[in-house]
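Encoded as structure tokens, the structure appears first; notes follow it.
The values are calculated or read from the model by the stated rules, or taken from the named source; none is laboratory data. Remember, it's a predicted structure, so these values are computed and weren't measured experimentally. A quick note on method: Cβ atoms are made from the backbone with ideal geometry, for glycine too, and the neighbour counts reach across all protein chains shown. What goes into the accessible areas is simple: the full protein's heavy atoms, side chains included, and nothing from ligands, DNA or RNA. Shrake-Rupley method; radii C 1.70, N 1.55, O 1.52, S 1.80 Å.
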Amino acid sequence: MSIRVNVNGKLGDEKELLLSPLDLGFVFGASVYETLRTYRGRPFLLERHLARLRESAASLDIPLDVGEQDLMGRIQETLEAASNEESYVRLIVSAGVGEIDYRRGATRSPTVVILVKPLPGVPDRFYTEGIRVVVVDVVRNHPKSVSPRIKTSSLLNNMLAMREASARGADEAVMLTYRGEVAEGSQTNIFLVEGKTVKTPTVDVGILAGITRELVLSLAKELGLETKECVFPPEELYRADEVFITSSTREVVPVVRVDDTNIGTGRPGEVTLALLEAYRRRVAKT
């Protein structure tokens, strides 16, 4: 088990490969990224993640000029070099090295980084007992500042939210919009269940359209559940029958406590567990 890094097609470890201090991803945070995991050594939903990576890069005028097959080949090479049972994969594309200048054309070509490390384990209790989340004071970035549909590496907003949640003894933060609506977690999308209806914030409130979120909504429909992408206040979380979060690395995690309020029975709910099982069935087919 090891960490391997691929920078612009050159393979090594984190000690061997250094980025230039003039890279605008370092200087200005001008970079985008994707996070995914492997199952049986294969990256899950890779094509979807690569498509969103290109969309994010284009939104920042970063010309990702590496072909799809070339990029997939670099990822596979890095995974094989790491030789992990299962891996966490982070793809980062920065504006590249150039003049310290905000204007377009300051760099000639992007820096493409592939980071592979052993997949961090998720405690079994997250799935069997559920987790606690808290509504934090840190507000999700205003959608008119940086578009939330760009998966930018500038994650200070998320980092501060998670630090607040951790200091309050919680496993995840619930971030609100500037209007006080439920937005998303620091690293996850948020769902609630009312009867047989699964609700999640609409992307229009200013959140990233999570790839796992998209899959879970599809799975819910296959299970005969109604789905709603809508706007709702944090009070709806407290009153919900069930609450859960989703992410590429954690799948579907039950939430049994929001702030100091027990959700439903205080145990992982029937719908949440059904969606987790459906998610894992889908993974097993890939």
Exercise for review: Please give the FRET efficiency for residue 55 paired with residue 274, using the beta carbon to beta carbon distance and R0 = 30 Å, rounded to the nearest 0.05.
Suggested key: 0.45
Review point. Which whole-number percent of Cα pairs in the stretch 185-256 have a distance greater than 19 Å?
Key: 26
**Study point:** Convex hull of Cα atoms in the stretch 48-179, direction-averaged projection (nm²)
**Key:** 10.8
Study note, to complete from the structure: Between the Cα axis of helix 46-59 and the main Cα principal axis of the chain, the angle (0 to 90°, nearest 10) is 70
**Study point:** Rotationally averaged projected area of the stretch 162-286 (alpha carbon convex hull; nm²)
**Key:** 7.3
Review point. What does the accessible area per residue of the chain come to in Å², with a 1.4 Å probe and no ligands, DNA or RNA counted?
Key: 48
